[in-house]
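Please read the structure below before turning to the comments.
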Amino acid sequence: MKPPRKITALAGGVGASKLLLGLYAVMDPRDLTIIVNTGDDILLHGLKISPDLDIVTYTLAGVIDSAKGWGFRDETFHALKRLAVYGRANWFNLGDRDLATHIHRTALLGEGKSLSHAADSIRTALGVKSLILPMSDDPVPTVIESNEGALNFQEYLVKRRAEPVVRDIHFAGVDSARPAPGVLEAILDADRVIVCPSNPLISIGPILAVPGIRERLQARRENVFAVCPIVGGKSLKGPSDKMLAQLGHEPSALGVAKLYAPFTGTFIIDPADKAQTAAIAALGMKVTILPTVMKTLAHKRKLARALLALSPSS
């Protein structure tokens, strides 16, 4: 089998960035294109904030605070403290250097530039060689319908610490949204598409909801590889398991596999979930067992190499 050269990845933030860092290290990063969720975006203090885009970019640039998984390493928060003095919301942690990114992005958008243009400007300035694309240039905010009413996703996750009970999820304006320039082409032209281990509902879900993207993945199904974000019935990062259960899905590898089966040819699970192999295979996917818990850079590189070495489903 000829090894894949051009890779396109679908990504959320913290969980995805671990695998992306591994891929960035073991392949030519110029052959990696990353389509990033923007449903998490929020307007705060008059600034357009794109958390997942920034996490991916900062990670590949080598400036991320690896302990937190977001923001700049050795960051300060003087501006945020001053905003609180003025009575402004301070529940969303914006570091001083991070603010420069949001100011730059907001200024570009104010000049009539697209979110894609802003993302490319930021990744280029930070020296990232891979192409980073927002899923859409159109706003598609994730709205959590909860027992406390409708919440912006960041309000649910950060301000309320994922405590409200999720009743439904929708992506405002998605029906009229279009994939960002290059997104559909990146899926079509890739030798392999990798769905990163991100929350299937609110990281991968918004990407799939943009018209045209799910259909393009279905057309490439045998070359789509998805890494399960649930290990042993628990999410490695964030509230994936809780959200799946609250919305009536099984919080397990099998539960995620059922969501991904229509567009995924190969599903990668951790050895902890080996017992679910037959049930997942019955969905029509090839199942591969690989260690998916990435605690070190060596783990990230090892998983990345293993993914690139796999044969596609047939």
message = If amide hydrogens are placed 1.01 Å from N in the peptide plane, which non-local residues have theirs closer than 5 Å to the one on I132?
response = I34
message = How big is the dipole moment of the range 27-114 about its Cα centre under a simple scheme where the beta carbon of each Lys and Arg is +1, that of each Asp and Glu is -1, and everything else is neutral? Debye, nearest 20, please.
response = 380
task = When a/c is below 1.5 the answer is rounded, else prolate if a/b is larger than b/c, else oblate, so apply that to the range 76-188 with a ≥ b ≥ c taken from the square roots of the Cα gyration tensor eigenvalues.
result = oblate
inquiry  = Between the range 168-214 and the range 101-129, how far is it from one alpha carbon centroid to the other, in angstrom?
reply    = 20
note = Residues meeting the amide H criterion for V195 (H placed from the backbone, H to H distance under 5 Å, 5 or more places apart or on another chain) are L10, F225, A226, V227
task = Quote to one decimal, in nm, the extra length available between A219 and H104 on full extension: 0.36 nm per residue of separation minus the C-alpha distance between them.
result = 37.7 nm
query = Relative to the first principal axis of the alpha-carbon coordinates of the chain, what is the inclination of helix 115-125, with its axis defined by its Cα atoms, in degrees from 0 to 90 and to the nearest 10?
reply = 90
task = Rounding to the nearest 20 debye, state how big the charge dipole of the chain is about its Cα centre with +1 on each Lys and Arg Cβ and -1 on each Asp and Glu Cβ.
result = 860
Spatially proximal lysines relative to K302 (Cα-Cα < 18 Å; intrachain offsets below 8 disregarded) = K18
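How much of the calculated P(r) for the chain lies past 24 Å, in percent of all Cα pairs?
That fraction is 51 percent.
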message = Can you tell me the length gained on complete extension of the stretch D65 to A275, counting 0.36 nm per residue apart and subtracting the Cα distance?
response = 72.0 nm
note = The ³J(HN,Hα) series, computed from each phi in the range 68-81 with the Karplus coefficients 6.51, -1.76 and 1.60 at θ = phi - 60°, rounded to the nearest Hz and given as x for glycine or proline, is 7, x, 8, x, 7, 5, 6, 6, 10, 10, 5, 5, 4, 5
query = Leaving out same-chain residues fewer than 8 places away, which aspartates and glutamates sit with a Cα under 12 Å from that of K81?
reply = D96
note = Quick calc, T76 & R305: beta-carbon distance into FRET formula, R0 35 Å, rounding 0.05, result 0.40
note = Filtered hits (lysines, Cα-Cα < 29 Å from K113, offset >= 8 within chain) -> K6, K48, K129
task = May I ask which residue of G112, A226, G87 lies farthest towards the positive end of the charge dipole of the chain, with charges of +1 (Lys, Arg) and -1 (Asp, Glu) on Cβ and the Cα centre as origin?
result = A226
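Bear in mind these aren't lab numbers, they're just calculated from the coordinates by the rules spelled out. All values reported here derive from a predicted model rather than from experimental measurement. Here Cβ is always computed from backbone atoms with ideal geometry, including for glycine, and neighbour counts include all displayed protein chains.
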